[in-house]
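Read the structure below first, then the notes.
FYI, it's all coordinate maths here, none of it is from the lab. Quick caveat: nothing in here was measured; it's all calculated off a predicted structure. Glycine gets a Cβ as well: all are built from the backbone with ideal geometry, and neighbour counts include every protein chain shown.
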């Protein structure tokens with residue numbers, strides 16, 4: 001794995017840390033002279049300002065503050081104090097009998113102010129909003145007894161809940177629920193994003209996530225990460241800087257990528273069309289679609305600008321083999337898999353044997369699993385990009401343990417074993433490079449839980465890969481896995497943003513494959529215009 005460099009801009013906002021890494025980063029701050037009480041006051045002050053802005057006293061005058069035994073509870077007590085001074089009616093619920101010394105000091109001071117401090121909800125008056133400061137990062141033990149009952153009671157109420165750092169009861173690294181967890185409306189993550197924010201299992205508890213940046217020096221972050229590549233959130237800036245925009249005014253269609261898509265069958269005719277629509281939106285210069293002969297005229301009618309090549313078919317309507325005069329080596333990228341069926345093994349074998357950069361998805365992955373990918377993929381002369389969902393991943397890499405909360409680590413191991421870029425799809429998609437770099441796409445939408453969404457992504461990603469390869473070759477640059485990584489990051493973000501915009505306009509139930517594809521271009525145009533202005 002490559003060592004990291006201090007990155008003052010990207011690392012602060014984008015890195016996802018484990019509990020161990022966060023402890024090391026905080027320890028470095030304290031060793032450098034930052035007093036713990038000063039940091040607590042600073043962090044709590046920022047949380048207070050956020051609460052005042054989002055839950056003004058006129059609309060939410062009554063605040064219930066849940067206080068735990070550690071410094072997360074201390075943060076909550078400082079927030080309670082400051083909100084009380086600003087006119088909120090504050091009540092504190094502290095179910096734990098013992099606290100850390102600094103938290104105990106703040107509890108004693110809040111008590112001296114005469115505000116209600118009680119051990120359970122039974123003695124509390126109704127509140128308009130809850131502040132959850134029971135447990136922050138680093139919790140590992142299961143929550144039980146009185147605290148579990150308290151969390152269940154809060155979850156049963158309808159008031160909004162703002163959790164400090166993490167919803168209490170969520171494991172920092174795996175996102176697992178430790179017995180019971182607070183179901184937050186908002187989570188204010190402190191300093192750096194925690195790994196749980198990139199885990200599917202935690203999404204139902206996080207609510208809307210916000211980073212409270214208290215200005216950790218980039219050098220302290222790099223030291224705390226121990227020289228390992230950081231795990232990053234996939235952000236808009238990361239994606240936009242990898243798009244082939246703006247284009248040179250002197251370019252032409254053969255310089256902005258030639259993509260061939262091997263897709264479709266009589267049974268899954270729509271997969272080829274959806275992949276083609278995704279590729280169309282990517283802006284690739286020349287698009288060739290290779291489909292069963294029985295689909296050729298249908299595809300031409302839907303995507304008239306593409307060169308559509310018909311193939312001989314099996315009795316069941318799958319492609320039997322590629323035409324003898326189809327030279328896959330002439331393309332900047334190959335996308336293979338959507339709708340092929342399990343009968344199209346010769347098609348996948350031909351794609352694997354080509355010297356061109358290759359993206360494999362859907363049935364292409366299922367067929368690849370039969371070909372010993374651990375031996376085949378590392379020996380390919382060009383970059384390979386695999387886009388499995390969890391089921392396909394398990395078939396491809398049966399020796400790798402894909403457990404809940406560890407999708408990122410599984411993608412990293414698969415990328416290293418196969419020497420391929422891995423896009424492990426899920427509510428939080430993991431994108432891993434063979435050298436150990438990992439991104440998590442955490443801002444997704446359940447609108448993508450539809451058949452055909454992945455086909456659109458394949459075409460979009462393939463088109464961006466072809467353009468990246470064409471640009472590298474035009475400048476006599478090496479064609480490396482970094483180009484596949486760039487295409488994966490840009491396409492995953494773009495695909496998600498289009499789905500979110502379509503869901504805003506049509507609800508999450510109204511985002512089918514064709515609609516998703518139709519939203520790709522206008523969504524990017526809107527974002528790009530905003531960036532330029």
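Pairs of Cα atoms nearer than 8 Å and 6+ residues apart set the relative contact order; for region 252-532 it is 20 percent. Which shape class, rounded, prolate or oblate, goes with region 105-232 when its Cα gyration tensor gives a ≥ b ≥ c as root eigenvalues, a/c under 1.5 marks rounded, and past that a/b bigger than b/c marks prolate? Note, shape of region 105-232 comes out prolate. Calculate the tail of P(r) for the chain: the fraction of all Cα-Cα distances greater than 30 Å, expressed in %. Of all Cα-Cα pairs in the chain, 53 percent lie more than 30 Å apart. Between 0 and 90 degrees, rounded to the nearest ten: what's the tilt of helix 101-112 against the longest Cα principal axis of the chain? Rounded to the nearest ten degrees, it is 60. Projecting label points 7 angstrom from Cα along Cα→Cβ for residue 49 and residue 293 puts them 7.0 nm apart.
On the basis of the beta-carbon distance and an R0 of 25 Å, residue 214 and residue 20 show a calculated FRET efficiency of 0.80. Over the chain, Cα pairs under 8 Å with separation of 6+ residues give a relative contact order of 13 percent. Ordered from longest to shortest, the equivalent ellipsoid semi-axes for region 252-532 are 24, 23, 20 Å, each the square root of 5 times a Cα gyration tensor eigenvalue. Judged by the mean number of other Cβ atoms found within 10 Å, the most tightly packed of the peptides 111-121, 461-471, 517-527 leads the ranking 461-471, 517-527, 111-121. A protection proxy built from the mean count of other Cβ atoms within 10 Å ranks the segments 386-393, 504-511, most packed first, as 386-393, 504-511. Computed extension gain for residue 145 through residue 27, at 0.36 nm per residue and net of the alpha carbon distance, reaches 39.3 nm.
DSSP beta bridges confined to region 252-532 are antiparallel in about 25 percent of cases.
With Cα atoms defining each centre, region 407-434 and region 277-335 are spaced 28 Å apart in the structure. Straightening the chain between residue 123 and residue 237 buys 36.2 nm, computed as 0.36 nm per residue apart minus the Cα-Cα spacing.
Treating r as the C-beta distance of residue 36 and residue 320 and R0 as 60 Å, the FRET efficiency rounds to 0.30. Calculate, in whole percent, how much of the Cα-Cα pair population of region 10-233 lies beyond 34 Å. Distances greater than 34 Å cover 9 percent of the Cα pairs.
In this simple spin-label approximation, residue 153 and residue 86 carry label points 7 Å from Cα along the Cα→Cβ vector, and these lie 2.7 nm apart.
Based on the Cβ-Cβ distance from residue 330 to residue 531, what FRET efficiency comes out when R0 is 35 Å, to the nearest 0.05? In this case the efficiency is close to 0.50.
Helix 407-418 and the longest principal axis of the C-alpha atoms of the chain enclose an angle of approximately 30°. Distance between the modelled labels on residue 307 and residue 267, one decimal in nanometres: 3.0 nm (7 Å Cα→Cβ projection). Take every DSSP beta bridge whose two residues both sit in the chain; close to 20 percent of them are antiparallel. Footprinting exposure proxy ranking of 54, 475, fewest other C-beta atoms within 10 angstrom first, gives 475, 54. Across region 10-233, the mean sequence separation of Cα contacts (distance under 8 Å, 6 or more residues apart), normalised by length, yields a relative contact order of 26 percent. Scoring 138-150, 276-288, 486-498 by mean Cβ neighbours within 10 Å over their residues and listing the highest first yields 486-498, 276-288, 138-150.
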